[in-house]
Amino acid sequence: QVQLAESGGGLVQAGSSLRLSCAASGRTFRPYAMAWFRQAPGNERELVTTITWSIGYSMYADSVKGRFTISRDNVKNTVFLQMNSLKAEDTAVYYCAAMTKYGSIRTATEYDYWGQGTQVTVSS
């Protein structure tokens with residue numbers, strides 16, 4: 001079993017930055033991809049960004065391109081989300097997810113493991 005633990009959320013002002021971390025623990029961990037999703041109240045969960053573990057290919061939602069950056073530490077089994085120029089509309093619970101086998105990295109149902117989520121609140 002794999003456990004994912006997010007950290008780094010909080011309350012910040014618009015224009016600020018936050019860095020989220022997600023550490024994986026448990027059995028030998030070598031995912032196909034890891035991702036960050038978010039869910040705001042009343043909204044569906046949406047993909048923010050994802051990265052393939054071996055080659056580091058990444059993709060971003062249009063709403064965060066140029067502001068957010070995903071990265072990974074393969075040794076520490078940790079994925080990061082650097083969020084700059086935060087906006088009020090970025091307010092949501094952010095979830096880390098891991099996909100253990102080849103699949104559609106854009107699709108939430110393809111991810112096998114999920115963290116508990118961390119709240120990010122951006123005040124305007």
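Does at least one position in the range 37-46 carry a residue that is among the charged types (D, E, K, R) and open to solvent by less than 30 Å² (accessible area, probe 1.4 Å)? Within the range 37-46, one or more residues are among the charged types (D, E, K, R) and open to solvent by less than 30 Å² (accessible area, probe 1.4 Å). Please indicate, with yes or no, whether at least one residue in the range 76-92 is touching a Pro at 6+ places or on another chain (Cβ under 6 Å), over 13 Å from residue 21 (Cα atoms) and of a type in the set (A, V, I, L, M, F, W, C). No, the range 76-92 contains no residue that is touching a Pro at 6+ places or on another chain (Cβ under 6 Å), over 13 Å from residue 21 (Cα atoms) and of a type in the set (A, V, I, L, M, F, W, C).
Restricting the first member to the range 38-56 and to residues that are without any contact (Cβ under 8 Å) to a residue 24 or more places away in the chain, and the second to residues that are assigned to a loop (DSSP other than H, G, I, E, B) and of a type in the set (A, V, I, L, M), the beta-carbon pairs closer than 9 Å and six or more apart or on different chains are 46/40; 46/61. Filtering the range 83-91 for residues that are within 10 Å of the chain's Cα centre (by Cα), under 18 Å from residue 120 (Cα atoms) and either among the polar types (S, T, N, Q) or open to solvent by less than 30 Å² (accessible area, probe 1.4 Å) (or both) leaves an empty set. Restricting the range 102-118 to residues that are open to solvent by 70 Å² or more (accessible area, probe 1.4 Å) and more than 12 Å from the chain's Cα centre (by Cα), which is nearest to residue 13 (Cα to Cα)? Looking at the filtered set, the residue picked out is 106. Taking every residue in the range 100-111 that is farther than 14 Å from residue 46 by Cα and in contact (Cβ under 8 Å) with a residue 60 or more places away in the chain and pairing it with any residue that is assigned to a loop (DSSP other than H, G, I, E, B) and of a type in the set (Asp, Glu), at least 6 positions away or on another chain, the pairs with Cβ-Cβ distances below 6 Å are 100/112.
Of all residues in the range 47-68, those satisfying the criterion of being surrounded by fewer than 15 Cβ atoms within 10 Å (Cβ to Cβ) and either among the β-branched types (Val, Ile, Thr) or out of contact with any helix residue (DSSP H, G or I) (no Cβ under 8 Å at 6 or more places or on another chain) (or both) are 54, 55, 56, 57, 62, 65, 66.
The values are calculated or read from the model by the stated rules, or taken from the named source; none is laboratory data. In this text, all values refer to a predicted model and were calculated from it rather than measured experimentally. Glycine also receives a Cβ, built like all others from the backbone with ideal geometry; neighbour counts cover every protein chain displayed. What goes into the accessible areas is simple: the full protein's heavy atoms, side chains included, and nothing from ligands, DNA or RNA. Shrake-Rupley method; radii C 1.70, N 1.55, O 1.52, S 1.80 Å.
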